[in-house]
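Novice: Quick one: structure below, then a few questions.
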Amino acid sequence: YQIRDYGINALYPTSIADAGDSTNEVVATERQNIMRIAAAVTKAMNRHMGLDQYADYMPFLGQRNFDARAARGGRPDHISEDGLELDLDAPLSALTVCTLGDDTSITVGTDVLGVPFNRTPSFSLALFNAPGVWTQWTTDWRQSIEITGVWCERRQYDTEGWIDSDDAVADAAGLTATVTEITVSAADGADTNNYAPRFDVGQLIRMESEYCIITAVDYSTEKLTVIRGARGTTAATHVITTQIDSFQVEPDIMRACSIATAFEYGRKGKFEAMTVQAGGQSINVMPELWPALAMELMPLPLRIGSG
C-alpha cells in the first residue's frame, strides 16, 4: 500500500506494453512479486525505526492520548517539571486539535507549538501563555490529554510532503462518498515535480481533507480505483475539478527502500549454502543484512517520550 511512494514504481515498467526489450518484459511480469517484497521491506523499516502502523513515513490523521499524571501520583515522565512541555510517542507533522486533561481547548499555533520549533516532525509540544498546564485534569487523568493531527516522519511536511498532481476530479457529477473509481484527465501525465506517471498503484493521494490509496489504474480510460477515506480520514463528496494531491515520502527513505527491495528480490528463493555445478561445487554466500547504503540513508531511531 506504500509501494509507489517508497520508490519502487520508478524502477520498473508498469506493464508489458511499457517494456522496451525482452529483459524489461521479464521484469514487468515480476512486478507483483517486487511490490510484495517492497511492502515487506516497508514494514521492516518501520519496525527498525520504532514506528507503528499509525505513525510511519506516510501521513495518518488521528488522535493520540496521554496521561496527565503518573500512576503513583505526581508528574509523569513525559511531561516536563514545569508542566509546559509534553513528549510525544510518535512523530507529529501537523497539529490540528489540542485538549488538556480537564477538557481545556488549546489554540493551535498560538498557545501550543511543536518542538523543535519551525520544522517537522515535532517530538514534543510546548505551551505558551496557555490557560493551563499538561498536568491538570478533573475526572480521570488516564489518557485524558488529547492530541489530534497528522502523524508521520516527514521533514518539510508543509512544503514538500504533498504536491499538486497537476490533475483533478474529472467526473461530471463529482464524487459521492461511496464511489471507488475516480476519473482524471491524464493518469499517465507528469505531476508538478515532473514525475510520470502521476498516478500509480500504491500511491497515497489527497482530495481536500480525504486520503485515498490507489489500488488500480486504467490508463486507457483515465480511471483510478481507490480505497476511500484512508489512513484515518473520512470519505466525503467532491465536486468536479477538485484538486488531487499526491504524497511524497522522505527522499532518503524512498532510496533506502529501493536498495533494500532490490537486494531482497535478488536473493529470493536462495536459501541453500551450497549448489552443485558441473565440474565441482559452488558455495553460495548470501549476506543476511541489507546493503550498508540502505542503512545509512535511514535516519537514526526516533526520539520519543519516555512516558
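The values are calculated or read from the model by the stated rules, or taken from the named source; none is laboratory data. A quick note: this is a predicted structure, and the numbers were derived from the prediction, not measured. All Cβ positions, even for glycine, are placed from backbone atoms using ideal geometry, and neighbour counts span all protein chains on display.
Novice: Look through S105, S144 and report the one residue that is buried (at least 17 other Cβ atoms within 10 Å of the Cβ), small (G, A, S) and under 31 Å from the mean Cα position of the chain (by Cα).
Specialist: Numbers: S105 fails: buried (at least 17 other Cβ atoms within 10 Å of the Cβ).
One residue alone meets the criteria, S144.
Novice: Looking at segment 124-141 only, could you name the residues that are part of a loop (DSSP other than H, G, I, E, B), in contact with a Leu (Cβ under 8 Å, 6 or more places away or on another chain) and surrounded by 21 or more Cβ atoms within 10 Å (Cβ to Cβ)?
Specialist: Of everything in segment 124-141, just one residue is part of a loop (DSSP other than H, G, I, E, B), in contact with a Leu (Cβ under 8 Å, 6 or more places away or on another chain) and surrounded by 21 or more Cβ atoms within 10 Å (Cβ to Cβ), namely W134.
Novice: Checking the structure you have, find out if any residue of segment 34-43 is over 20 Å from the mean Cα position of the chain (by Cα), modelled with pLDDT under 80 and closer than 27 Å to P251 by Cβ.
Specialist: Looking through segment 34-43, none of the residues is over 20 Å from the mean Cα position of the chain (by Cα), modelled with pLDDT under 80 and closer than 27 Å to P251 by Cβ.
Novice: Out of the residues in segment 184-230 that are of a type in the set (K, R) and more than 23 Å from Y54 (Cβ to Cβ), which is surrounded by the fewest Cβ atoms within 10 Å (Cβ to Cβ)?
Specialist: K223
Novice: Can you tell me which residues in segment 53-69 are buried (at least 18 other Cβ atoms within 10 Å of the Cβ), part of a loop (DSSP other than H, G, I, E, B) and under 13 Å from the mean Cα position of the chain (by Cα)?
Specialist: Those that are buried (at least 18 other Cβ atoms within 10 Å of the Cβ), part of a loop (DSSP other than H, G, I, E, B) and under 13 Å from the mean Cα position of the chain (by Cα): D56, Y57, M58, P59.
Novice: Is it true that some residue in segment 144-151 is closer than 18 Å to P59 by Cβ and assigned to a loop (DSSP other than H, G, I, E, B)?
Specialist: no
Novice: If you check G73 against the conditions, is it over 30 Å from I205 (Cα atoms), modelled with pLDDT under 95, touching a Leu at 6+ places or on another chain (Cβ under 8 Å) and assigned to a loop (DSSP other than H, G, I, E, B)?
Specialist: Numbers: over 30 Å from I205 (Cα atoms): yes; modelled with pLDDT under 95: yes; touching a Leu at 6+ places or on another chain (Cβ under 8 Å): no; assigned to a loop (DSSP other than H, G, I, E, B): yes.
Criteria not met by G73.
Novice: Looking only at segment 128-145, decide whether some residue is in contact with a Ser or Thr (Cβ under 6 Å, 6 or more places away or on another chain), over 27 Å from A236 (Cβ atoms) and touching a residue at least 60 places away in the same chain (Cβ under 8 Å).
Specialist: Within segment 128-145, one or more residues are in contact with a Ser or Thr (Cβ under 6 Å, 6 or more places away or on another chain), over 27 Å from A236 (Cβ atoms) and touching a residue at least 60 places away in the same chain (Cβ under 8 Å).
Novice: Give all pairs with beta carbons closer than 8 Å in which a residue from segment 104-123 that is part of a strand (DSSP E or B) meets a residue that is charged (D, E, K, R) and at pLDDT 95 or above; count only pairs at least 6 apart in sequence or on separate chains.
Specialist: Close Cβ pairs (under 8 Å, with a partner that is charged (D, E, K, R) and at pLDDT 95 or above) amount to V115/E85; F123/D87.
Novice: Go through segment 38-52 residue by residue and tally those that are outside any loop (DSSP other than H, G, I, E, B) and crowded, with 21+ Cβ neighbours inside 10 Å.
Specialist: 4
Novice: Being at pLDDT below 95 and on the phi > 0 side of the Ramachandran plot is the filter here, so list the residues in segment 130-151 that pass it.
Specialist: Within segment 130-151, just G132 meets the criteria.
Novice: Related question: Against the condition within 24 Å of Q53 (Cβ to Cβ) and of a type outside the set (D, E), how does T237 come out, does it pass?
Specialist: No; evaluated as a whole, the condition is false for this residue.
Novice: Here's something else I'd like to know. Would you point out which residue out of S220, S209 is out of contact with any helix residue (DSSP H, G or I) (no Cβ under 7 Å at 6 or more places or on another chain), closer than 26 Å to N33 by Cα and not assigned by TED's automatic domain parsing to the domain that holds S93?
Specialist: S220 is the lone residue from the list that is out of contact with any helix residue (DSSP H, G or I) (no Cβ under 7 Å at 6 or more places or on another chain), closer than 26 Å to N33 by Cα and not assigned by TED's automatic domain parsing to the domain that holds S93.
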